1. For the chain, report the translational diffusion coefficient in µm²/s to the nearest whole number, using Stokes-Einstein at 20 °C, 1.002 mPa s, and a Kirkwood Rh over Cα pairs.
2. Can you give the relative contact order of the range 221-310 as a percent, counting alpha carbon pairs under 8 Å and 6+ residues apart?
3. Please give the length that would be gained between residue 47 and residue 118 if that part of the chain were fully extended, namely 0.36 nm times their separation in residues minus their C-alpha to C-alpha distance (nm, one decimal).
4. Report, in deg cm²/dmol and to the nearest 500, the calculated mean residue ellipticity at 222 nm for the chain, where each DSSP H run with n ≥ 4 adds -39500 (n - 2.57) and the sum is divided by the residue count.
5. What's the exposure ranking of 235, 83, 183, going from fewest to most Cβ atoms within 10 Å?
6. Specify the angular offset, from 0 to 90 degrees and rounded to the nearest 10, of the alpha carbon long axis of helix 47-59 from the longest principal axis of the alpha carbons in the chain.
7. If I fit a long axis through the Cα atoms of helix 98-119 and take the longest principal axis of the Cα atoms of the chain, what angle between them do I get, 0 to 90°, rounded to 10?
8. Once you order the gyration tensor axes a ≥ b ≥ c over the Cα atoms, which shape class does the range 236-298 get: rounded for a/c under 1.5, otherwise prolate or oblate by comparing a/b with b/c?
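FYI, it's all coordinate maths here, none of it is from the lab. Quick caveat: nothing in here was measured; it's all calculated off a predicted structure. Here the Cβ positions follow ideal geometry from the backbone for every residue, glycine too, while neighbour counts run over all protein chains shown.
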Ligand code: NAI
């Protein structure tokens, strides 16, 4: 039998936490043959709720779940973890300035970065979900200099999946037949969802999305704003921010990173820039990537169109 993988979820008593922990325990993140031990971190005011989540995880009797740790101690939470999904953080509230949120998150991410640096498994892969995700990932990278830069990423897969969903609805095909959209930039409304290289698998082979949709006005207009503003649309409808889709996309992100992307398919990940596409080195930026052997690499040289957009 395989050794269990230890998966940390911070902010585990929150909405996304509640959606993601059963996914991890069912093998959605690491595969149906991979046992897992969940480490759940939250803060003192949520300690009771966190205990309740642990009780439910036990009650669900997941065969792959070999242990559950629920704690408010950052060091205990980070010890020995192989995967860290950072969902906890301080959200921007009404009336707060961006810089106020930033300084709160700097202190949170500083403490979590040094705990990960000192106590996580040496090859720990980190995914930052908490907003502002790119910035929080950058803070984490700055305060955990001994964690390889390649191991610190942020979530833009939700935006990527939203783009796939919009195309599949529009062309009326299965979402699994659409691939190779790209989210460039941030997980925020300034991201650029790019369909210029996206394709749809049809009965007569792979066809470019631009050819099948054949409506540049929609592709260059409503499609982009719908993806960019989807988070706000969900808050309006649900009075809560997206949670199940964020959790599911976070599982997709880690699964593809660890187990690899299918041949001929790339996905979007927020990763540190090596200067590709003229993006300043060291920034955390969303690129098209392929993954193999537990490593991501930025897809190179296929996107002359993107230069035209810039
Ligand atoms: P939530 O408010 O329901 O849960 C957040 C949890 O984090 C709470 O239980 C809170 O107690 C905990 N927390 C706060 N500070 C903490 C700390 N220092 N250490 C550990 N836990 C801490 O929020 P929700 O809906 O689960 O969203 C979580 C984050 O994910 C938010 O920042 C949200 O903006 C972000 N998000 C990112 C998306 C993406 O695509 N990158 C998509 C959707 C949400």
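1. Working: Rh = 19.9 Å.
Approximately 108 µm²/s, per Stokes-Einstein.
2. Values: 93 pairs, mean separation 18.3, N = 90.
Taking the mean separation of contacting Cα pairs over the length of the range 221-310, I get 20 percent.
3. On the way: separation 71, 0.36 × 71 = 25.56 nm, distance 2.40 nm.
Gain in length upon complete extension: 23.2 nm.
4. Values: 12 runs with 125 residues, N = 310.
It lands at -12000 deg cm²/dmol.
5. Details: 235 12, 83 23, 183 27.
The order, fewest Cβ neighbours first, is 235, 83, 183.
6. It is inclined by approximately 80 degrees.
7. Tilt of helix 98-119: around 60 degrees.
8. Numbers: a/c = 2.72, a/b = 1.39, b/c = 1.95.
Verdict is oblate for the range 236-298.
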